[in-house]
1. Considering only protein heavy atoms, what per residue accessible area in square angstrom results for the range 213-374 with a 1.4 angstrom probe?
2. Need the C-alpha centroid separation for the range 187-207 versus the range 317-375, integer Å.
3. If you wrap the chain's Cα atoms in a convex hull and average its projection over all directions, what's the area in nm²?
4. Grab the DSSP H runs of the chain that are 4 residues or longer, score each as -39,500 (n - 2.57), total them, divide by all residues and round the 222 nm result to the nearest 500 deg cm²/dmol.
5. Using the Kirkwood formula over every pair of different C-alpha atoms, what hydrodynamic radius in Å results for the range 168-323?
6. Using the Cα gyration tensor of the range 3-208, with a ≥ b ≥ c the square roots of its eigenvalues, what is the shape: rounded (a/c below 1.5), prolate (a/b larger than b/c) or oblate (neither)?
7. Hey, if we sort 315, 265 by accessible area with the 1.4 Å probe, largest down, what's the order?
8. Compare the Cα positions of 19, 48, 85 along the charge dipole of the range 3-208 (+1 at Cβ of Lys, Arg; -1 at Cβ of Asp, Glu; about the Cα centre) and return the one farthest towards the positive end.
Amino acid sequence: MSFSSFGLSPALVKVLAAQHYEQPYPIQKEAIPAILQRKDVLGIAQTGSGKTASYVLPILSNLQGNTTVKNRHARVLVLVPTRELAVQVREVFILLGSELPERVKTLAVFGGVSINPQMIGLQGVQVLVATPGRLLELVESNAVHLSEIETLVLDEADKMLNLGFREEMNRIFTLLPQKRQNLLFSATLSPEVANINQIILHDAVVVKIEPEKEQIDLIEQTGYFVTLEKKGPLLRYLIKKNGLQQVLVFISSTFQADNVADKLCKNGIDAVSIHSKKSQGARTEALREFKTGKLRVLVTTDLLARGIDIEFLPCVVNYELPRSPKDYIHRIGRTGRAENPGEAISFVTPEDQHHFRIIQKKMGKWVTMIDSQNIDLKGF
Ligand code: AMP
């Protein structure tokens, strides 16, 4: 199956070829035709599945032939949980739409930065990618109106709900026209997501993409039994001894993230932490450097890591284990993409051992365990 068989415009197919998108991914095979027919879609899929292009392509296609817009009345609204994802989604709209004969103006709006440039940018906007809070601020100042929205996309709906955006989302729904297309994407179908799905979706086409078992098999997973105070030295030992590059380290608290990154730097390992307390500028810069391979280690909380889209990541470290087995698979799944083997390292304290067994059971795979007591960590 090729992209041209969907009836997408030649301009879109041309960009896809230039980007080496040879074949549609499974989610794209199912979602693109449904969205082109203006049906509602519920997509259960994670970052890495190709979900962004699965809605960006048909939306751009549907806008062609009629790109007129009432000023400050966007026609497509994409709601996302984080600023990082807002920026990434906008980039995909711009990239995939770059050869279209009729220009589609896309803007990303999010909090934590000055609102004025966003107000000015909303002039003539067709596609608006937004985090819920900032969108409401802009609506309240009449900088944008939602009464002409034809397509609503909720991307990473589960994350939006986890972050407590429910109330803002409900307010936004009341501002939209009744008749519209609704597309909901979520990594998991939690009861809260199912509830939103019932409220907004009509006769939706359901596309469910399970994280692929083979993908997990591609990843070399190792667990290290380690005590809390030895985690720092062990991390530095592994990075230095194994010459690890482009390492994504997961940590739960912002304080710990800063602490671990500082200690890595003090030990001559180039590292930066990103979390919700860092400025937008600092976060974007760190992500850029990490993606291009200039920055060796990125220490991050789950929330910000969620939207990080890197084609292939060689190494992920669970400095702290995630609560749910699903999150564990999602974290390590970033390393086994595109048929490249990746490495996933997990630190397991005595208190974590039971939880780590549950994770492995759910994943259906046992992880090789190494006792760090047998490693000489002196000097690290
Ligand atoms: P996403 O799940 O939207 O974050 O996409 C994951 C990555 O897959 C992105 O880097 C896309 O550029 C890439 N991608 C999406 N669809 C395709 C495709 N059909 N062929 C090759 N790469 C793709």
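1. Numbers: 7590 Å² over 162 residues.
Value returned for the range 213-374: 47 Å² of accessible area per residue.
2. Each part's Cα centre sits 29 Å from the other's.
3. Numbers: hull surface 74.7 nm².
Seen from a random direction, the Cα hull of the chain projects 18.7 nm² on average.
4. Values: 16 runs with 153 residues, N = 380.
After summing the helix terms and dividing by the residues of the chain, the value is -11500 deg cm²/dmol.
5. Values: mean 1/r = 0.0545 Å⁻¹.
Averaging 1/r across every pair of different Cα atoms and inverting gives 18.3 Å.
6. Values: a/c = 1.57, a/b = 1.15, b/c = 1.37.
Cα axes put the range 3-208 in the oblate bin.
7. On the way: 315 5, 265 65 Å².
Ranked list, largest accessible area first: 265, 315.
8. 19
The values are calculated or read from the model by the stated rules, or taken from the named source; none is laboratory data. Nothing here was measured: the structure is a model prediction, and the numbers come from that model. We place every Cβ from the backbone using ideal geometry, glycine too, and count neighbours over all the protein chains shown. Protein only, heavy atoms only, side chains kept; ligands, DNA and RNA dropped before computing areas. Shrake-Rupley method; radii C 1.70, N 1.55, O 1.52, S 1.80 Å.
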